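Single-structure report; data block below.
The values are calculated or read from the model by the stated rules, or taken from the named source; none is laboratory data. These numbers come from a predicted model, not from an experiment. Note that we place each Cβ from the backbone using ideal geometry, even for glycine, and neighbour counts take in every protein chain shown. In case anyone asks, the SASA skips ligands and DNA or RNA and just uses the protein heavy atoms, side chains included. Shrake-Rupley method; radii C 1.70, N 1.55, O 1.52, S 1.80 Å.
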Amino acid sequence: MTDSQSEKTLVVPPAHPVAGHSPQGWMNGFLGMIIFSGSLPATRVAVLELDPLFLTAVRAAIAALLALCALLITHQARPTRADLPPLLFVTLGVVIGFPLLTALALQHTTSAHSLVYIGLLPLATAGFGVLRGGERPKPAFWAFSGVGAVLVGAFALSQGSGGAWQGDALMIGAVLLCGLGYAEGAVLSRRIGGWQVISWALVAALPLTLAATWLAAPAGWPAVSGAAWLSLVYVSVFSMWIGFIFWYRGLAQGGIAAVGQLQLLQPFFGLALAGWLLQETVQPMMIAVMAGVVVCVFGAKRFSR
């Protein structure tokens, strides 16, 4: 065997090709973002009639059963031992933490108000990506991050007293956990694939979510409106699973850094849905704050490497 032949035999195609700037990636990412935009308005409708713990558990259990069927049908290999810690963070972040904290927050505030905090999600993801990858951003990165945090904090403090602070605190926790889950999932998706990450994370939590569904199920099953049931179906099937399929496929096809910027549009689409479907008041200050946050996130992204 010649040297050239030997070199050819050692070349192994990567399991997940390096992402390019595919238009399909942008389209899939956009569809994923649109699906996620309806999550908070749908959750708001559901928690008006369903217990937040039950909603969190049952939506994850339903999505996990769908994901398990997909994994079995496609004969996906099980995650290795090295994949388990990142999967745990994904489970804690996007399967349990974010849905539970947002459901609790929406008992104290409107979906329109809570969507302001979603504007910080790309920044939280970038921050955990910095910690996860050991990068050293330029000082301008932290400047933009600080200004964005001040804008959101000032807006939250200007919205009055009462129980609103509880919703604000819960939304901050939800964004931090989701950012952690996104960052860990993005790293892991390079090894086992995007939709596989969320599917295995859902399946890993299935014993817990099934038990929690049973324990938190409403006694006597009081009358629940059709709107609440439809909202439950939406957050279970679309927000918890199908949205991630489009989102991670878009990241793989178009690049994590590039397609990930589409997430900055999510609060605006979410506000439009909240105003249209729930007749919630969208204050001009909310739009102004989110516009400022978007500018800060764009600046932080630019100086993150």
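Values computed for the structure shown
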| item | result |
| --- | --- |
| Additional length obtainable on full extension of the chain from Trp142 to Ala227, 0.36 nm per residue less Cα span | 26.3 nm |
| Label-point separation in nm, Arg191 to His75, each point 7 Å along Cα→Cβ | 2.4 nm |
| Listed peptides 73-80, 57-64, 187-194 by packing density, highest first (mean Cβ within 10 Å) | 57-64, 187-194, 73-80 |
| Carbon plus sulfur fraction of accessible area for region 53-133, probe 1.4 Å, in percent | 73 percent |
| Per residue accessible area of region 177-228, 1.4 Å probe, in Å² | 44 Å² |
| Stretchable slack from Leu210 to Leu88, in nm (0.36 nm times residue separation minus alpha-carbon distance) | 42.2 nm |
| Largest-first ellipsoid semi-axes for region 33-134, taking √(5λ) over the Cα gyration tensor eigenvalues, angstrom | 26, 20, 12 |
| Distance in nm between pseudo-label sites at Trp165 and Gln24 (7 Å out along the Cβ direction from Cα) | 5.2 nm |
| Where region 62-142 is the region considered: accessible area per residue in Å², 1.4 Å probe | 47 Å² |
| Potential lengthening between Ala149 and Ala219 on full extension [0.36 nm per residue; Cα-Cα distance subtracted] | 21.0 nm |
